[in-house]
Amino acid sequence: MGSRQAQLKNWARQVWPYADRDQLEITPVSGDASFRRYFRASTPTVKFIAVDAPPEKENSEPFVRIAKEWSEKGIRVPKVVADDLALGFMLLEDFDDQQLLDRLQSECDDPYMQALETLLGIQMLPAEGLASYDTSIFTREMNLFPEWFLGEMLGITEGWDRLLETTYQQLIDSALNQPQVCVHRDYHSRNLMPLADGGLGVIDFQDALIGPVSYDLVSLLRDSYIEWPEPKVVEWVENYRFMLMDVGFSLPDSAGFKKQFDLMGMQRQLKVLGIFSRLYLRDGKSGYLKDIPLTFKYLYRSASSHSEFSDLKEALSELIPVMREHTLLGKFIPSEWPRL
């Protein structure tokens, strides 16, 4: 047991809300795309999740604050049983291990209805105290694409500057021209947890901002971990547009909202391609490499669907043979490429 894990166990025993603290054990559950690590803290009678978030690398204050605010508004987020922000430790309600992704991959009549209803509840929150998802944040995120995906992963360092500058501006203009709501920022099938009582738990919300209404919808329906037929995605997008309008949102027509959805997705996909590359190259997390092709496919398809991105489409097309020949990525490229 490492020193941080041992320290976490000792801390959990001190704050354990039951008398059987001497029987407490902690076992690793998972890490994630950050520096946080998760453990199941359990005794024979009860269990919680113990979180190690080193304070020099992770700021846990937003998680604790948002968890309290969202829980009070009816969103099923983990209850914070105890925390020590100086140490970077938290003890949380245990939502168990099933992710929505597990349910999506089995038979399910309407896999997203509960997720869309929960999302609507989040987007109707007053979102007090959250920063704005502004131009600087959008740009910083998209710059992960040329830095980590093009540069570090594919070795391409020239020829993209002007194209990306134009692309960024188009995507940011679309994002800022949408209703601005509370945005989870990573609302997808691995951060949604079907609960034993029939509810849907929401985790990993600490980076929430005020931002475009289509952002979390894109995270959910253009999930890097599972793909759906395009007609089904279009149906879900349109159903959610009606749900938003039913509670008073003013939105474009069907085609206009779908375009905003596509362009919001492109912004996110540029970011995610950079993040997945960085997770492998900097952090040694190779599990995300297999998710790069689907994320790239989403980006390419949306660029192909809107004529103003024809130059981007052509540039992306030129990356396909580079990806196919790449030592790491090549084995994950589907045989039907480039017919995306």
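Inter-label distance, Leu85 to Glu308: 4.1 nm, where each label sits 7 Å from its Cα along the C-beta direction.
The value of relative contact order for the range 3-93, using C-alpha pairs under 8 Å at least six residues apart, is 23 percent. In plain terms, the chain is cut at each of the chymotrypsin sites (Phe, Trp or Tyr not before Pro) found in a DSSP loop with at most 14 other Cβ atoms within 10 Å, and the longest leftover piece is 36-340. Expressed to the nearest 5 percent, the antiparallel share of DSSP beta bridges inside the chain is 95 percent.
A Förster radius of 30 Å combined with the Cβ-Cβ distance from Glu325 to Thr135 puts the calculated FRET efficiency at roughly 0.25. Checking [x] 20.9, 65; [y] 19.8, 69; [z] 35.9, 124 against Rg and Dmax of the Cα atoms in Å calculated from these atoms, the matching label is [x]. Here each label is just a point 7 Å from Cα along the line to Cβ, and for Asp173 and Asp96 those points are 4.9 nm apart. Pairs exceeding a 27 Å alpha-carbon distance, out of Lys47/Lys290; Lys258/Lys285; Lys297/Lys331; Lys57/Lys313; Lys57/Lys271: Lys47/Lys290; Lys258/Lys285; Lys57/Lys313.
Springs join every pair of Cα atoms under 10 Å in this Gaussian network model of the chain, and among Asp246, Asp283, Asp52 the largest mean-square fluctuation is at Asp246.
Per residue, the average separation of C-alpha pairs within less than 8 Å and at least 6 apart gives the chain a relative contact order of 15 percent.
If I build a Gaussian network model for the chain, linking alpha-carbon pairs within less than 10 angstrom, which residue out of Asp291, Asp173, Asp216 has the largest mean-square fluctuation? Highest fluctuation among the options: Asp173. Qualifying GluC sites (Glu not before Pro) in the range 80-180, where qualification requires a DSSP coil assignment and no more than 10 other C-beta atoms within 10 Å, comprise Glu107, Glu128, Glu158. Between Val29 and Ile210, full extension at 0.36 nm per residue minus the direct alpha carbon distance yields a gain of 62.1 nm. Helix-only arithmetic for the chain: the sum of -39500 (n - 2.57) across DSSP H runs with n ≥ 4, divided by the residue total, places the mean residue ellipticity at 222 nm at -14000 deg cm²/dmol. Compared with the dominant principal axis of the Cα atoms in the chain, helix 254-281 is inclined by about 60°.
With both labels modelled 7 Å from their Cα along Cα-to-Cβ, the Lys68 to Glu318 distance reads 5.3 nm. For the range 216-284, a crude dipole built from +1 on the beta carbon of Lys and Arg and -1 on the beta carbon of Asp and Glu, taken about the Cα centre, is about 360 debye to the nearest 20.
Whole-Hz Karplus values for the range 22-30 come out as 5, 9, 5, 10, 10, 10, x, 9, 5 Hz, taken residue by residue from phi with 6.51 cos²θ - 1.76 cosθ + 1.60 and θ = phi - 60°; glycine and proline positions read x. Look at the dipole of the chain built from charges on Cβ: of Ser310, Pro293, Leu192, the Cα furthest out on the positive end belongs to Pro293.
Here the chain is assigned +1 on the Cβ of each Lys and Arg and -1 on the Cβ of each Asp and Glu. Its dipole about the Cα centre then comes out at about 580 debye.
Taking the charge dipole of the chain about its Cα centre, with +1 at Lys and Arg Cβ atoms and -1 at Asp and Glu Cβ atoms, the residue from Thr167, Ser132, Phe63 reaching farthest to the positive side is Phe63.
Less than 5 angstrom separates the built amide H of Val81 from those of Leu91, Leu92, Glu93, all sequence-distant by 5 or more or on a different chain.
Each value in this text was obtained by applying a stated rule to the coordinates, not by laboratory testing. None of the values given here were measured: they were computed from a predicted structure. We place every Cβ from the backbone using ideal geometry, glycine too, and count neighbours over all the protein chains shown.
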